[in-house]
Amino acid sequence: IKWVDLSKNTELIHLHVGTNFLTSLDVTNNTKLKKLYINRNPILEIDLSKCPDLEWLYYHDCTELKTLDLSKNHKLTYVQGSFSYTLESLNVSNNPALEFLDCGYSLMTSLDISSCTALKYIYCAYSKLQSLDVSKNTALEELNCYANEITSLDLSKNTALTSVSCFENRMSSLD
């Protein structure tokens, strides 16, 4: 599939169009969408701002995607998008329900997860992150931030942590 028109499918709540040849996908009329799987597509951009009920997003291996703004998707609990090698910016600045975030293997140099207070799992390895502030993520249980450019990491407020992988960084301190 190279092109999809779902503009008249306004009752759509689940969409799986993974492993195709889509370079764009318009879901602005699909305001009831809860689960979206767009993995393994050369999508250049996607506007999810009109999908306020979105809970799951799977954009794994979208190798042409450069930016992704999820700040209007307040109900998101699960985001998986590793191997989106060209991703430079991921906005999760207003996602308090987010529990699972997988955004590794990207070009991101920064990631603001301060509003993701329910976050339990994060995988942001093999990126270009220079810093990572997890001080507001007190529910965090597993942190995988290895193979980045992080210089220091303060985990003193993350008492729920059961697993930390932070090797291959430029760290001078770990608290």
Leading residue by the ranking (least open to solvent (accessible area, probe 1.4 Å)) among those in the stretch 124-159 that are within 15 Å of Ser173 (Cα to Cα) and of a type in the set (D, E, K, R)
Glu149
Could you look through the stretch 90-106, keep only residues that are of a type in the set (S, T, N, Q), over 10 Å from the mean Cα position of the chain (by Cα) and more than 15 Å from Asn39 (Cβ to Cβ), and pick out the one that is least open to solvent (accessible area, probe 1.4 Å)?
Asn95
Being farther than 20 Å from Lys75 by Cβ and either assigned to a strand (DSSP E or B) or modelled with pLDDT under 95 (or both) is the filter here, so list the residues in the stretch 5-31 that pass it.
Ser24
So which residues in the stretch 32-45 are over 16 Å from His14 (Cα atoms), part of a loop (DSSP other than H, G, I, E, B) and touching a strand residue (DSSP E or B) at 6+ places or on another chain (Cβ under 9 Å), if there are any at all?
Ile43, Leu44
Flag for Glu64 being surrounded by fewer than 17 Cβ atoms within 10 Å (Cβ to Cβ) and under 24 Å from Asn169 (Cβ atoms):
no
Given (1) under 29 Å from Ile43 (Cα atoms); (2) of a type outside the set (D, E, K, R); (3) touching a residue at least 40 places away in the same chain (Cβ under 8 Å), number of the condition Ser165 does not satisfy:
(1)
Here are the criteria: (1) open to solvent by less than 10 Å² (accessible area, probe 1.4 Å); (2) among the aliphatic types (A, V, I, L, M); (3) free of Cβ contacts under 8 Å to residues at least 24 places away in the same chain. Tell me which single one Leu111 does not satisfy.
(1)
From Ile1, Ile38, grab the single residue that is in contact (Cβ under 8 Å) with a residue 24 or more places away in the chain and either crowded, with 19+ Cβ neighbours inside 10 Å or β-branched (Val, Ile, Thr) (or both).
Ile38
Among the residues of the stretch 133-163, which ones are under 19 Å from Thr117 (Cβ atoms) and more than 18 Å from the chain's Cα centre (by Cα)?
Ser135, Thr138, Leu153, Asp154, Leu155, Ser156, Lys157, Asn158, Thr159, Ala160, Leu161, Thr162
Quick count over the stretch 40-66, residues being within 17 Å of Thr28 (Cα to Cα) and of a type in the set (S, T, N, Q), is 1
Which ones in the stretch 53-77 are in contact with a Ser or Thr (Cβ under 7 Å, 6 or more places away or on another chain), part of a loop (DSSP other than H, G, I, E, B) and not charged (D, E, K, R)?
Tyr59, His60, Cys62, Thr63, Leu65, Ser71
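The values are calculated or read from the model by the stated rules, or taken from the named source; none is laboratory data. Everything numeric here is computed off the predicted structure, so don't read it as measured data. All Cβ positions, glycine included, derive from the backbone under ideal geometry; neighbour counts span all protein chains shown. Note: accessible area is taken over every heavy atom of the protein model, side chains too, but ligands, DNA and RNA are not part of it. Shrake-Rupley method; radii C 1.70, N 1.55, O 1.52, S 1.80 Å.
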